[in-house]
Amino acid sequence: MLCPLSALSLLLLYGTGTLAVSVPAVPPVRLKPRAFVSGPWGLTQPGTTGVSAMQLAVTSESTVIILDKVEHNPLTVAGHVAWASELNLNSNKVRPLNPLSNTWCATGSFLGNGTLVSSGGNPIVLNTGRNGIQAIRLFTPCTDGSCDIFEDPNNLHLTSNRWYPSSVRIDDGSVLIYGGSTVGGFQNGAAQNNPTYEFFPPKNINGFNGERIPSQFLKDTLNANHFPIMMLLPDGNIFVAANQQAMLLNWKTNTETRLPNIPNGVRISSPYSAGAVLLPLKPDNNYTPEVMICGGSTVSDQVDPSTLSSQTPASDQCSRMVLNEAGINAGWSVETMPQARIIPELILLPDGRVLIINGAKTGVAGYGNVGDQVGSSNADNPAFSPVLYDPNAAPGKRFSATGISSNIARIYHSTATLTPNGDILVAGSNPNDDVQTRKYATEYRFEYFSPPYMSQPRPSYTGLPATVAYGSTFKLSVQLPDNTSNVSVALIDLGFATHGVHMDHRFVQLESTLSDDGTTLTVTGPPSGTHYPPGPAYLYVVTNDGVPSVGHKTLVGTGNSPPVDAEAMDNMRSSARTHANLDPPAPSPTAGEGSNVADAVIPA
């Protein structure tokens, strides 16, 4: 259902956010490993997505939004092919959505009021009539099948072209959109680099009133800084990593503080993509943040990509760093995955472990570029078997096999996410410029990987408020399996997945107390908007045996929209026109990643 008000009118209804607080630089306390459920994993392949799942995000307890590029998909809408759909997790059926612009290689983040912002994309117009490379798309989730993607290109758009940007929700509930290129291509370069960031809604900050803000880091990390890794930290800074470098961005002062480089020359952003995760934030160690980055590649980003190979081994490196003064001084600690992976996905499970899934063991991301493509794929040797990582186990004992394998290659343009039910939805994979049926074909089948805890008696609860204020206390009525002696509470942002990057995915353990009779759980909300930025969250109650409940949705904060500055909005529009004249994009590639997929209307 399209909004009856203008987009600007909607934005001007927005409220305010919260202030950041600092986290003391104390050494982390290693937590005792908790119990985990052992046993076989399950795997089902119950249906298809209608469009290939290049981008994916859970939007409610029963729905997932899926975004693709404009191509010859089997699903249709409004007389033309569809490139977006909504999957119902209960029925496994899809309905088409109808964005106006090409969503190819956009980013996505949720606002503080729960609305999804899809930003950036591709200039290919085709039948849409809309260039997506400066697009802002809004999707407010619903459960009655009436909602659709809303665009108002004349009023809502970016300041400049962004292909392969990243985004992160910050502590006032708005979104920071970072980097990318002014035009598509295998990797970034000085001619097409967009070394800036901006906010949605736009801000008047640091002398930039609704305009793009420069970032030296995005110049220093050429040529491999597409889809940089970004994570909001409890002290309000944003961790950013791209290519072989990392930094802390203070967006309130536009200050960059460099961190130790990624060890051993490993590149970690597209097209040499690693997976990354902010490990669970817990009160036991004062919510001390620690980041982990796994996979990537050591190939050069300075050579002609045709000299690269689909058979070059990916990196098997996992690197961790505690992001406080002591941890940064100590630098990265390095571990080795059981398998090397390019484009892996790292997913936080409610039991506190990390699932490493998808990707390939050789090659690089993208299609149509390396000298010995498989079909068009730049990668080969898919990693069919996910592995588990226990961040609290002793070094050398953190990785374990799941014992489950898929028969579907999930390489470039695949996605995965934790679901509210507690299993893992996996979809997509299309290393082709259009729909193909050859090896590494356009993939529409989706799967559920079910951890062993899914087959156990599970806790359940009622009473979750629609909104959870910071530091507030609320009570849940819980029903616990026999022999449960205690529980913990995991508040998880399921994030927005694309290209192996999971925007905003985070896990915050909440303080909780179980009543003596085991029927009432008293829970305290997150400490601040930097610990958990205002927006959607799924709350799981987890037993001492490692069995989670179904995750129910709430909005952390007030549920209001982020603040809007009308003057900054006006300046954003003026700034965009100026950049369109002063910064014409480099020519689009004629083949391979970022090239045109068609030159005519694609009918139904």
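The values are calculated or read from the model by the stated rules, or taken from the named source; none is laboratory data. What you are looking at is a predicted structure, and each value in this text was computed from that prediction instead of being measured. Cβ atoms come from the backbone with ideal geometry, glycine included; neighbour counts cover every protein chain shown. Heavy atoms of the whole protein, side chains included, go into the accessibility calculation; ligands, DNA and RNA do not. Shrake-Rupley method; radii C 1.70, N 1.55, O 1.52, S 1.80 Å.
Remarks
- Among the residues of the stretch 539-558, those identified as surrounded by fewer than 24 Cβ atoms within 10 Å (Cβ to Cβ) and in a loop (DSSP other than H, G, I, E, B) are 544, 545, 546, 550, 558.
- Of all the listed residues (298, 307), the sole one being surrounded by fewer than 17 Cβ atoms within 10 Å (Cβ to Cβ), in contact (Cβ under 8 Å) with a residue 40 or more places away in the chain and farther than 20 Å from residue 348 by Cβ is 307.
- Those residues of the stretch 132-160 which are in a strand (DSSP E or B), under 20 Å from residue 78 (Cβ atoms) and over 19 Å from the mean Cα position of the chain (by Cα), in sequence order: 150
- Among residues of the stretch 390-405 that are within 15 Å of residue 294 (Cβ to Cβ), those with a beta-carbon under 6 Å from a residue that is open to solvent by less than 80 Å² (accessible area, probe 1.4 Å) and of a type in the set (A, V, I, L, M) at least six positions away or on a different chain give the pairs 391/279; 399/387; 400/388.
- Taken over the stretch 443-476, the residue count meeting the criterion of being among the acidic types (Asp, Glu) and either farther than 30 Å from residue 377 by Cβ or in a strand (DSSP E or B) (or both) is 1.
- Those residues of the stretch 413-428 which are open to solvent by 10 Å² or more (accessible area, probe 1.4 Å) and more than 14 Å from residue 356 (Cα to Cα), in sequence order: 421
- Residue in the stretch 508-521 that is in a strand (DSSP E or B), in contact (Cβ under 8 Å) with a residue 24 or more places away in the chain, closer than 27 Å to residue 270 by Cβ and open to solvent by 10 Å² or more (accessible area, probe 1.4 Å) present: no
- Restricted to the stretch 269-295, and to residues there that are aliphatic (A, V, I, L, M) and closer than 30 Å to residue 593 by Cβ, the residue that is surrounded by the most Cβ atoms within 10 Å (Cβ to Cβ) is 274.
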